[in-house]
Amino acid sequence: MPPQAHTANAGLDTHDMTRLQGEALAIRRLVLKTLNKSQAGHPGGSLSAVEILTSLYFQVMRIDPAQPNWPERDRFVLSKGHASPVYYATLARRGYFPETELATHDTLNSRLQGHPDMRKTPGVDMSSGSLGQGLSVCVGLALGAKMAGHAYRVYCMLGDGECQEGQVWEAAMSAPKFGLDNLTAIVDWNRLQLMGTVDEIMPTHSLPGLWREMGWEVLEVDGHDLMALVKVLQAPHSAGKPLALLAHTVKGKGVSFMENRVEWHAKPVSGEDLKQALDELSQEGAQ
Amino acid sequence: MSQVDLSSGCGPTIACREAFGQALLELGREVPNLLVLDADLGSSTRASVFASEFPERFIQVGIAEQNMVGMAAGLALAGWIPVTSTLACFASKRALDQVRASVAQPNLNVKITGGYSGILAGKTGITHQSIEDLAIFRAMPQMTVLAPSDGIETRAAIRAAVEYRGPVYIRLTRDPMPTVMPPDYVFHIGKAVPMRSGSDVALLSTGWMLLPTLEAATILSGEGVQATVLHLPSLKPFDAEAVVEVARHTGAVVTVEDHSILGGLGAAVAEILSERMPTWMRRVGICDCYAESAPNEDLLTKYGLTPANIAAQARELLASRTASRA
């Protein structure tokens, strides 16, 4: 049997919020442990996306971990593929594969590659890693779904730095032409990239303006507010228009010494870092 | 496969791009989930023929090849069989990383067609010529690479590509040329096509260069040199056995392609023979340079893609081999 969708107007009760907060905390801890084990990967842009993925995979998306290839499932493409640690942690928590498998990330013969590989990892709908390509794939998926009469939604997560890739705007220009109101692009707007702030590297006059002028419905949200994320993702949107959800986030969110620090874009998490980070998260969890 | 019977001579002239458009149209009627994506070149490539009958399955993406290939990947994920249409130069370079990361690596069922390949790109010049596409896609794991010759083989290759499950690049030619393949020709991915037998030298062709290669064999025959002609429209997978066999049979091999001599047919043959049957060889093709804009005939003559030059290279090869044994 296909899984039940969470209905759009169900809202979140206290129990739901506690559950989602618990998942977000667990995912954050798994991200840090995974990165400590692999001594590689991208902590900052993984931690900024924890609540977005939690809200999608634990409340919003119609999915069934027991049937990763269920044809009517909602689709998710992690266009910012370097945030694979948070993707894998989320999929593991959701039951696509055992949490213990996270320790194999980036090791020989692992199903968990440095960047997502749909041919290896259960639950990964599309391979990604070369920045700027995921939104085009999602435009094709959403168009293909509409043409075939499927009701599923397509979600794409991009980085704000990634939006410097020209292909993003080719895709952004095309989605409104095809009336893809079954497509949601979520920008993890953490304002940092590898070499500095996005404003230093390549400023945009207005990120919302760019999407809006391309013909998208544009909404902004606090990307760490689970209640707000779920609400905006489940709300009805403009018919005939794709939705760009610009999520204000903090790179390295949840770990004091990683937050808003550009060097944590891609820095190995040492044993000491891990201990301190997990201690901080334990205190947060106890509150 | 049995040798193609050329005794009846060449068939009617068919423009290869028209054959491409017709093939899409025929397949569109048979395959309900076939889609054609176009980056605003459909009237040139003749993908537009498909649009006239199946407007709802013709997706115009505008001048945005990277997005076109990414969309094709997404459409394949949604269960469609997308065929992308643009020029070979753009399919293989402008959208290269999209083909690699969004199509070949996830092994998606997308057909990438490249029109106006080689130096026969009208009078557009080097930006629109494509002399590296075979090398590029041949080096890409999980890609199938096809380069049909005449209109009949073009039509058959498109059919074979659509019937095959997985990423395929099909290199296409624009121009009208006489047909040499029989009307009931069936394209077999991975198989060479023996066109003519002779024991003195083997001429190996890919793409439309089959036609001048056959003419070169006729020239040589008039001089008492009997040439085998083996056509290799499937660059990947590649019929290594057939290549080794003609090398064993003749001891002298000339490769012929409207492509750089680096990385394409000549390279594929040299790779196989140097390991399995070291053989005297010459490669006819574009000699690691960008050509220029000019009428086709002038280009072909200057850059050596003529029956006369193929025959001359064969003669020179045989003379060198004889001299080395003296």
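If a residue must be in contact (Cβ under 8 Å) with a residue 24 or more places away in the chain and closer than 18 Å to A:Thr197 by Cα, how many such residues does segment A:260-274 contain?
Total satisfying the criteria: 7.
Is it true that B:Ala147 is in contact with a helix residue (DSSP H, G or I) (Cβ under 8 Å, 6 or more places away or on another chain) and within 21 Å of B:Ala51 (Cβ to Cβ)?
Working: in contact with a helix residue (DSSP H, G or I) (Cβ under 8 Å, 6 or more places away or on another chain): yes; within 21 Å of B:Ala51 (Cβ to Cβ): no.
No, not satisfied.
Restricting the search to segment A:127-170, which residues are among the small types (Gly, Ala, Ser), within 16 Å of B:Val99 (Cα to Cα) and buried (at least 24 other Cβ atoms within 10 Å of the Cβ)?
A:Ser127, A:Ser128, A:Gly132, A:Gly134, A:Ser136, A:Gly140
Report, ordered by the first and then the second residue, all pairs with beta carbons closer than 9 Å, sequence separation of six or more or different chains, a first member in segment B:45-59 that is without any contact (Cβ under 8 Å) to a residue 40 or more places away in the chain, and a second member that is surrounded by fewer than 24 Cβ atoms within 10 Å (Cβ to Cβ) and among the hydroxyl-bearing types (Ser, Thr, Tyr).
As it stands, the answer is B:Phe58/B:Ser48; B:Phe58/B:Ser52, since those pairs meet every condition given.
Going by the structure shown, is A:Arg75 surrounded by fewer than 19 Cβ atoms within 10 Å (Cβ to Cβ) and touching an Asp or Glu at 6+ places or on another chain (Cβ under 6 Å)?
no
Working only within segment B:284-324, note down all residues that are out of contact with any Asp or Glu (no Cβ under 8 Å at 6 or more places or on another chain) and assigned to a strand (DSSP E or B).
none
Return the residues of segment B:62-72 that are at negative phi and either surrounded by fewer than 24 Cβ atoms within 10 Å (Cβ to Cβ) or away from every other protein chain (no Cβ under 11 Å) (or both); say none if nothing qualifies.
B:Ile63, B:Ala64 - these are the residues of segment B:62-72 that are at negative phi and either surrounded by fewer than 24 Cβ atoms within 10 Å (Cβ to Cβ) or away from every other protein chain (no Cβ under 11 Å) (or both).
Mind counting the residues in segment B:221-245 that are open to solvent by 20 Å² or more (accessible area, probe 1.4 Å) and among the β-branched types (Val, Ile, Thr)?
Count: 1.
Inside segment A:120-222, counting only helices (runs of 4 or more DSSP H) that do not spill past its ends, which hold 1 or more residues that are within 26 Å of A:Arg94 (Cα to Cα) and either touching a helix residue (DSSP H, G or I) at 6+ places or on another chain (Cβ under 9 Å) or within 13 Å of chain B (Cβ to nearest Cβ) (or both)?
Answer list for segment A:120-222: A:134-148.
Restricting to segment B:73-99, name every residue that is open to solvent by 10 Å² or more (accessible area, probe 1.4 Å) and within 7 Å of chain A (Cβ to nearest Cβ).
If the condition is that a residue be open to solvent by 10 Å² or more (accessible area, probe 1.4 Å) and within 7 Å of chain A (Cβ to nearest Cβ), then B:Leu77, B:Ala78, B:Gly79, B:Trp80, B:Asp97, B:Gln98 are the ones that fit.
List the residue pairs whose Cβ atoms are under 6 Å apart, where the first residue sits in segment B:17-32 and is without any contact (Cβ under 8 Å) to a residue 24 or more places away in the chain and over 21 Å from B:Leu87 (Cβ atoms), the second is in a helix (DSSP H, G or I) and not aromatic (Phe, Trp, Tyr), and the two are 6 or more positions apart or on different chains.
none
All but one of (1) touching a residue at least 60 places away in the same chain (Cβ under 8 Å); (2) more than 22 Å from B:Tyr164 (Cβ to Cβ); (3) surrounded by 20 or more Cβ atoms within 10 Å (Cβ to Cβ) hold for B:Leu262, so report the exception by its number.
For B:Leu262, the exception is condition (3).
Answer yes or no: is there a residue in segment A:91-101 that is within 14 Å of chain B (Cβ to nearest Cβ), hydrophobic (A, V, I, L, M, F, W, C) and either touching a residue at least 24 places away in the same chain (Cβ under 8 Å) or surrounded by fewer than 24 Cβ atoms within 10 Å (Cβ to Cβ) (or both).
no
Given the options A:Pro71, A:Pro65, name the one that is closer than 23 Å to B:Ser102 by Cα, touching a residue at least 40 places away in the same chain (Cβ under 8 Å) and outside any helix (DSSP H, G or I).
A:Pro71
Please tell me if B:Ile59 is over 30 Å from B:Ala291 (Cβ atoms), within 11 Å of chain A (Cβ to nearest Cβ) and of a type in the set (Val, Ile, Thr).
Spelling it out, B:Ile59 is indeed over 30 Å from B:Ala291 (Cβ atoms), within 11 Å of chain A (Cβ to nearest Cβ) and of a type in the set (Val, Ile, Thr).
In segment A:221-244, how many are under 19 Å from A:Trp169 (Cβ atoms) and open to solvent by 60 Å² or more (accessible area, probe 1.4 Å)?
Adding up the residues that qualify gives 1.
The values are calculated or read from the model by the stated rules, or taken from the named source; none is laboratory data. All values derive from a computational prediction rather than experimental measurement. Here the Cβ is made from the backbone with ideal geometry for all residues, glycine too, and neighbour counts use every protein chain on show. Ligands, DNA and RNA are stripped out before the accessible areas are found, and what is left, the full protein with its side chains, is counted by its heavy atoms. Shrake-Rupley method; radii C 1.70, N 1.55, O 1.52, S 1.80 Å.
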